[in-house]
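**Student:** Can you read through this structure? Questions will come right after.
Every number in this text was worked out from the coordinates using simple rules, so none of it is lab data. Since we're looking at a predicted model, the values are computed, not measured. Note: ideal-geometry Cβ built from the backbone for every residue, glycine included; neighbour counts use all protein chains shown.
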Amino acid sequence: MEHRLVTQIEKALGWDGPGSVGAAFARGRLMDPGLTACLLTPYRLLDLIRRRHLANPQLRCYAEGEEVHPSTFLSTHVNRRGQAASQADMAAIGRILNEGGTVVLDHVDFFDPTLEVACRALGWWSGELTSANAYLAVGDTDGFHLHWDDHEVIAVQLSGEKSWEVRGPSRPAPMYRDAERNRTPSEEVLWKGTMRAGDVMHIPRGFWHTATRLGAGSDGHSLHVTFGFTKRTGVTWVNFLSDAARADEAFRRDLEGAEEVAPKALADRLSTLASTHSPERYLGELRSSTPPARHMPYVAAFGRPRSVVAVTEFAPSIVRSGGTVLVRGGGKRLTFHECAEAGLHTLLSGHPVHLDGADEDTITLAYLLITEGLCEPLTETSSSGYTGLVTPVTYSKQPPRSA
């Protein structure tokens, strides 16, 4: 999938592919002037908040650097059937912002089609699950305290300005669940300055940082989005091995007692297991077996969909072997005749595919991929997430054959 945001991030940070994610702190600037407004605007974020049933901590508010109690900005709406749902009190949200506060919406990609597609594109690019959080602040407000994240972060300033301080790590590759706590900030200041609309930076896992106050000369607000990448580690691979070991009876036996297993024999079996399930195989199987987070079904009674798109969390693998083509992705393993290869590459490209003008074989293949959960019909709303950001694929209508 070729997405404007991914291309611009690579150019801004001087990257050639995702290999640099996690390697070092980096800053740059998006050279596409219209991209930030395409991704999200302050009023669009507020509109998302007002139209959703939300709860804390997904929706959080801060004032003077401290978190505001949820009862201040969340209310319970009871409909005429007596059904209750938590939702934002937009008047309270307005007061918090007008008094110099901050509003945070985690996993904004779950609600907004544009950021959903952006996260999918970044996931295909990086090979890691990606999510987005949005931060809207007004006035000369205190930001978050100095902290570190247990995942990679790419921050994009969408509008306004925000001042940041980024420090190096105080513990190599820290984890959320770790062998020791990581509470002492590093004294090494890597960068201190102001992010302006169009600026982007990469903060590796474990690097201390804080978004402090709006920059001088700001137009009175700041909106930025952070894309979080939860990268797999050696620990996650070991956890995978522990689950794979359950298939071997030797690992299920007691370490002591009548059915104990000789320590050396167990160690040899573990070595064999680790060789069989290498880190590369683990990552490949993880990505191919992950089902789409969400999927729109095909309902024949609604008519034939005119457009489809692949919705797997990672790019599907398409491998030709002899007279067949093997597709792995979205938790599925499918085998097709070799004549379907071109259609598979198109339909599973991550680009919207408009079916008007396509031949019947391509349309049949599209319906099959929808049924299997790798693709979904595009609606007007979901299609908007690609508009101007991912180039669609169209088929030329063939002229009717003469008698």
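**Student:** Where is the GNM fluctuation largest for the chain (alpha-carbon springs, 10 angstrom cutoff): T194, T391, T276?
**Tutor:** T276
**Student:** List the lysines whose Cα lies under 25 Å from the Cα of K11, skipping any in the same chain that are fewer than 8 positions away.
**Tutor:** K162, K192, K231
**Student:** Stretched out fully, how many nm does the piece from R196 to T272 gain, at 0.36 nm a residue minus the Cα gap?
**Tutor:** Stretched out fully, the R196 to T272 stretch lengthens by 22.1 nm.
**Student:** Could you name the lysines in cross-link range of K332, using Cα to Cα under 20 Å and dropping any fewer than eight places away on the same chain?
**Tutor:** none
**Student:** Moving on. Treating the beta-carbon of each Lys and Arg as +1 and of each Asp and Glu as -1, no other charges, what is the dipole magnitude of the stretch 119-248 about its Cα centre, to the nearest 20 debye?
**Tutor:** 160 debye
**Student:** Under 8 Å for C-alpha pairs, at least 6 residues apart: give me the relative contact order for the chain, rounded to a whole percent.
**Tutor:** Reported relative contact order: 16 percent.
**Student:** For H77, put the label point 7 Å out on the Cα→Cβ axis and report which residues of the stretch 27-60 keep their amide N under 19 Å from it.
**Tutor:** Under cut-off, by backbone N: 43-60.
**Student:** Moving to a separate point now. Using +1 at the Cβ of each Lys and Arg and -1 at the Cβ of each Asp and Glu in the chain, identify which of A265, V311, S71 lies farthest towards the dipole's positive end.
**Tutor:** In the chain, that residue is V311.
**Student:** Among S383, A250, Q87, whose Cα projects farthest towards the positive end of the dipole of the chain, with charges put on the beta-carbon of Lys, Arg (+1) and Asp, Glu (-1)?
**Tutor:** So the residue furthest toward the plus end is S383.
**Student:** Oh, and also: Hey, what did the stretch 300-394 get for relative contact order, percent, Cα under 8 Å, at least 6 apart? Don't skip to the answer; put the middle values down first.
**Tutor:** On the way: 144 pairs, mean separation 32.8, N = 95.
Relative contact order comes out at 35 percent.
**Student:** Taking only Cα atoms and a 10 Å spring cutoff, compute GNM fluctuations for the chain and point out the largest among E280, E152, E128.
**Tutor:** Among E280, E152, E128, the largest mean-square fluctuation in the Gaussian network model of the chain belongs to E280.
**Student:** While we're here: Find the centroid of the Cα atoms in the stretch 43-57 and in the stretch 316-341, then give the distance between the two in whole Å.
**Tutor:** 41 Å
**Student:** Moving on to the next point. Once you have the Cα-Cα distance between L146 and T379, take 0.36 nm times their residue separation minus that, and quote the gain in nm to one decimal.
**Tutor:** Additional length available on full extension: 79.7 nm.
**Student:** Let me ask something else about it. For the chain, compute the orientation-averaged projected area of the C-alpha convex hull (one quarter of its surface), in nm².
**Tutor:** Details: hull surface 114.4 nm².
Its Cα hull, projected and averaged over all orientations, spans 28.6 nm².
**Student:** If you don't mind, another one. What does the charge count around A55 come to, taking other residues whose C-beta lies under 14 Å from its C-beta (Lys +1, Arg +1, Asp -1, Glu -1)?
**Tutor:** Around A55, the surrounding residues sum to 0.
**Student:** OK, next. Just want the ordering: M175, M31, M296, M1, from fewest to most Cβ atoms lying within 10 Å of their own Cβ.
**Tutor:** Ranked by crowding around the Cβ, least crowded first: M31, M175, M296, M1.
**Student:** If you don't mind, there's one more thing I want to ask. Looking only at V353, V238, V138, which one moves most when the chain is put into a Gaussian network model with springs between Cα atoms under 10 Å?
**Tutor:** V238
**Student:** Same structure again: Can you tell me the dipole magnitude for the chain around its Cα centre, using point charges on the Cβ only (Lys, Arg +1; Asp, Glu -1), in Debye to the nearest 20?
**Tutor:** Taking the Cα centre of the chain as origin, the dipole is about 580 debye.
**Student:** Using the 10 angstrom Cβ neighbour count as an exposure proxy, how do R306, R232 rank, fewest first?
**Tutor:** Least crowded to most crowded, the residues run R306, R232.
**Student:** What is the dipole size for the stretch 262-357, taken about its Cα centre, with +1 at each Lys and Arg Cβ and -1 at each Asp and Glu Cβ, in debye to the nearest 20?
**Tutor:** 220 debye
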